[in-house]
Structure formats: C-alpha cells, structure tokens
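Participant: One structure is given below, represented as structure tokens, and several questions about it will come after.
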Amino acid sequence: MSEAHHWHWLVIGGNSPGIHLQWPVIPGRRATPPLPIAIQCISINEARFIQRILQPLLNSGPPQLSTTDLLRIFESSFAVVNLLSGNRDGFYPVVVGTRVGIHRTNAGAAETQGLFNFPLWRCTDTFWEALAYMIVKGVEDRMPLSSVPESLPTGNSVDCSDVSLNESFQRSLQISQTGSQQSHGAGVSAPGGSMSPSLRTGTNPPPWTKPSHIRQ
C-alpha cells in the first residue's frame, strides 16, 4: 500500500488537530506534553471514525489535559477501550523516533529509528494499549490495567515477538558471543533452550542496538 495515496493521519490535541495527508511533525521526547498524538489510519473514513469517538471526549475535559486526565477520560469509555478491536495486525506506538505516533505496520515503526541512539516504541495488541502507551510516553509503570480489554477475544492476540527490541538485542548479543560455534551450522539457543526465532525463519535480527520498553 502506498503511503502517498492511501494512508491518512489523524492528529488529536495540539495546535493542528484534524486529518492530514502527510505525517505531522510532533516532538519525540518524554518531557513533552501528552498531546498531540498522531494516529496512522488506513483510510479517511477510518480517520473520521476515530476522530468522532476521541474528539468529543477531549472536548469534555479541561483546556489543558494532563496525562492523568487523558487516561481517566479514555479509560472510562467503552468505545475507546474497544476501538478498532477487529484489527488483527497490531499497533505500533512510537514515543521517540523520527515520526512519533501510532503506526500500523512493523516496518513503518522500525523506520522511525533514524539516528536516535535510544528509540522508544513497542508492538501492542489493541488500539487502546497503543494510545495509553503514547499518553504515558512509554513509561510502563503508568500504563493502566485496562490497556488490554478483558472483552478482547483470545484469537485477536497479535504476535509481537518479531518486533521486540529487547529480544532483538539479546539475539544480536548471543550471535556475537557464539559466532565461532555457528560456523558448522549450529543453532543459537534462546532462553529456555529453544532455537532463536530469527534463526528458525532464516531472517537476520533487526539492527537495533539498545533494548527499550517493550511488551513482554
């Protein structure tokens, strides 16, 4: 799918809320306010649908919404907690990177690393979890317990193992430490004695060099 012709970006909060055709420039630092947040949408109709759910809730709060305010307002809404529950591909919130916001593809999130030494993003099963992760700026201790809705069917769970920065770092470390042992085709063992998934599939680990806050 071509980003230039199909993707749309919804921005909630900030000075330029609304639907955009290009990714909006949003500072990617933990010290910044929780809003604005950019959300990548697969179509303009999806962008409008999400906007119709989120914007009235934002309007109901105080002018300057804090992290606590946003979590309270959104968490109390069944529509938000279950928003886009039919999605099977996961969500990829990027807190620190070249394009901050909620991405819809692993590749799109991975490209945001840029020249950052410590990029911060993760893979989530649900939109609400991704939204909460953006609101708390990737601080795991502040994630609400409802970020994974109990009503979500088990079959909707997304396998985020391939995009875990921590696992990728560990695999790279194992490969560098045991490179001489693999010259004859020996597999690298992951914790628990199983072979590393990246080696089972024949793909190289992603080129990240620092583990980040990633959903285990």
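Every number in this text was worked out from the coordinates using simple rules, so none of it is lab data. In this text the structure is predicted, and so the values were computed from the model without any measurement. In this analysis, Cβ positions are derived from the backbone assuming ideal geometry, glycine residues included, and neighbour counts consider all displayed protein chains.
Participant: What ranking of His20, His103, His6 emerges when the number of other C-beta atoms within 10 Å of each C-beta is taken as an exposure proxy, fewest first?
Facilitator: On the way: His20 15, His103 27, His6 11.
In order of increasing Cβ crowding within 10 Å: His6, His20, His103.
Participant: Would you pull out the residues with amide H under 5 Å of Cys123's amide H, same chain only if 5 or more places away, H placed 1.01 Å from N?
Facilitator: When sequence neighbours closer than 5 places are left aside, the close amide H contacts are Arg215.
Participant: Report the Cα centroid-to-centroid distance between segment 78-100 and segment 16-45 in angstrom, as an integer.
Facilitator: Answer, in whole Å: 12.
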